[in-house]
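Participant: Please find one structure pasted underneath; my questions will follow.
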Amino acid sequence: GIAYNSFMNEIFIASGYANSGGETPTVTVISDSDLALVANLTSSHWWSPWAVAYDSGQHKVFVTDAGPKNGNNQGSVYVISEGNNAVSEGILVGIFPKAIAYDSIMGEISLPIKARALSRLYRTKITP
């Protein structure tokens, strides 16, 4: 997934998954002015970051991770702080969250969650 931070003029790209081949799940941050690499963010908790959304009000980036790292089958949402790119602890949201959107009016994130072969919409307020 990809998101654009219009305040810092940066692009956030989620990619990779934890596997025995040594691939590292990463969120890459790129400057849109010169396409220079700003940061490669990793977390020992990530299994497979899928989608990214930007909150222009709080200047936070939300990243979904499909799970199941460390024996849990639940996917999570992680929050990246804008200035220092610090990654928060994950917030469990359900099985395989593969998309995310931020609603700036409601201050909520929305994401589809796979549940019993059906998808449902999960909406929550996240205050890291």
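Participant: Which of (1) within 20 Å of G57 (Cα to Cα); (2) surrounded by 12 or more Cβ atoms within 10 Å (Cβ to Cβ); (3) not β-branched (V, I, T) does F7 not meet, given it meets every other one?
Facilitator: F7 satisfies every listed condition except (2).
Participant: All but one of (1) at pLDDT 80 or above; (2) open to solvent by 40 Å² or more (accessible area, probe 1.4 Å) hold for V79; which doesn't?
Facilitator: V79 satisfies all of (1) at pLDDT 80 or above; (2) open to solvent by 40 Å² or more (accessible area, probe 1.4 Å) except (2).
Participant: Hey, another quick one. Hey, could you check the stretch 84-93 for residues that are out of contact with any Leu (no Cβ under 9 Å at 6 or more places or on another chain) and either touching a residue at least 12 places away in the same chain (Cβ under 8 Å) or of a type in the set (F, W, Y) (or both) and say which is surrounded by the most Cβ atoms within 10 Å (Cβ to Cβ)?
Facilitator: G90
Participant: Suppose we filter the stretch 21-43 for residues that are within 14 Å of M8 (Cβ to Cβ), hydroxyl-bearing (S, T, Y) and in a loop (DSSP other than H, G, I, E, B); how many remain?
Facilitator: 1
Participant: Name every residue in the stretch 22-40 that is within 11 Å of the chain's Cα centre (by Cα) and hydrophobic (A, V, I, L, M, F, W, C), in order of residue number.
Facilitator: V27
Participant: Related question: Right, A66: aliphatic (A, V, I, L, M), in contact with a Lys or Arg (Cβ under 7 Å, 6 or more places away or on another chain) and open to solvent by 10 Å² or more (accessible area, probe 1.4 Å) or not? It would help to see each step written out before you state the result.
Facilitator: Working: aliphatic (A, V, I, L, M): yes; in contact with a Lys or Arg (Cβ under 7 Å, 6 or more places away or on another chain): yes; open to solvent by 10 Å² or more (accessible area, probe 1.4 Å): no.
Criteria not met by A66.
Participant: Taking the stretch 94-109 as the search range and keeping residues that are part of a strand (DSSP E or B) and open to solvent by 40 Å² or more (accessible area, probe 1.4 Å), which one is nearest to S48 (Cα to Cα)? Lay out the reasoning, then the answer.
Facilitator: Our first condition is that a residue be part of a strand (DSSP E or B); within the stretch 94-109, this holds for 94-95, 101-103, 108-109.
So of that shortlist, the ones also open to solvent by 40 Å² or more (accessible area, probe 1.4 Å) come out as 95, 101-103.
Numbers: I95: 12, A101: 18, Y102: 20, D103: 24 Å.
Out of the qualifying residues, it is I95.
The values are calculated or read from the model by the stated rules, or taken from the named source; none is laboratory data. Source: prediction; values computed, not measured. Positions of Cβ are backbone-derived with ideal geometry, glycine not excepted, and every protein chain shown enters the neighbour counts. Keep in mind that these areas ignore ligands, DNA and RNA; they rest on the heavy atoms of the full protein, side chains included. Shrake-Rupley method; radii C 1.70, N 1.55, O 1.52, S 1.80 Å.
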